[in-house]
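To keep things clear, I will list the structure first and then write my remarks on it.
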Amino acid sequence: MHNNQKEHLYKILVIGDLGVGKTSIIKRYVHQTYSTNYRATIGVDFALKVLNWDSETVRLQLWDIAGQERFGNMTRVYYREAMGAFIVFDVTRPATFEAVSKWKEDLDSKLILSNGQSIATVLLANKCDQNRDFLTNNGLKMDQYCRENGFVGWFETSAKENVNINDAANFLVKHIIASE
Ligand code: GDP
Ligand code: MG
């Protein structure tokens, strides 16, 4: 019998306001490291994470942005051919949560799958190690927020303490594979 092991390559966007922890989440997920100071190089950074998924191989190409966050939007070219996205906010800074819907609208307005749907997007409430007030006050409303704003789900995460990052990525991959 021939080997019919399948390989998937997925471009995954990681977007959200400056300083919310996008780079830290990627470094934690891909390199198992954490630092309080990642230099913001201008441009786009890539990191590759390889997963064994049942008997298949999933390669996640994570796209980090640096320097363009302050404009609150990206170009169509940047979003092109992405299969999934994380939109990240910082639970200690409510303004970064207010920016989430703006990021989602920007993404959905510039990228639509061939089936007419928007790409699977997971919301990450990062820095949950620091302050739980946001989640105490809003945790119950988050599921509804996700339904109303087209997120497939949300996770509270900490890049610092390594909370939920693997789970969030697996959840996103599951949605991408199911939609293919
Ligand atoms: P980016 O601009 O979205 O890429 O954010 P960075 O990854 O550069 O993180 C901005 C700052 O927040 C850095 O000082 C990080 O160390 C810090 N940070 C990132 N994730 C966490 C986290 O989960 N918990 C805490 N306490 N700090 C974090
Ligand atoms: Mg960064």
Helix-only [θ]222 nm of the chain, DSSP H runs n ≥ 4, -39500 (n - 2.57) each, per residue, nearest 500: -9000 deg cm²/dmol
Relative contact order as a percentage, the stretch 1-117, C-alpha pairs under 8 Å and 6+ apart, gives 35
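I want to verify the translational diffusion coefficient of the stretch 10-124 in µm²/s; compute it with Stokes-Einstein, Rh as the Kirkwood radius over Cα pairs, at 4 °C and 1.567 mPa s.
After rounding, the answer is 88 µm²/s.
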Inter-label distance for Asn138 and Asp167, nm, one decimal - labels placed 7 Å from Cα along Cα-to-Cβ: 1.9
Express in nm, to one decimal, how much length is gained between Ala95 and Cys146 on full extension, taking 0.36 nm for each residue of separation and deducting their alpha carbon distance. 16.6 nm
Virtual spin-label span in nm between Ser35 and Leu51, 7 Å along Cα→Cβ: 2.7
Solvent-accessible area per residue for the stretch 2-161 (1.4 angstrom probe, square angstrom): 54
Which lysines have a Cα less than 21 Å from the Cα of Lys49, not counting those fewer than 8 places away in the same chain? Lys6, Lys11, Lys22, Lys27, Lys160, Lys174
For the chain, set up a Gaussian network in which alpha carbons nearer than 10 Å are linked by springs, and say which option among Ser118, Ser109, Ser24 fluctuates the most. Ser109
Keeping the other protein chains in place, figure out the carbon and sulfur percent of the accessible area of the stretch 1-137, with a 1.4 Å probe. 48
Length gain on complete extension for the stretch Glu7 to Gln130, per 0.36 nm per residue less the alpha carbon to alpha carbon distance? 40.5 nm
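The values are calculated or read from the model by the stated rules, or taken from the named source; none is laboratory data. Predicted, not measured: the structure shown is a model, and the values here were computed from it. Ideal geometry is used to build each Cβ from the backbone, glycine not excepted, and the neighbour counts take in all protein chains shown. With ligands, DNA and RNA removed, areas are computed over all heavy atoms of the protein, side chains included. Shrake-Rupley method; radii C 1.70, N 1.55, O 1.52, S 1.80 Å.
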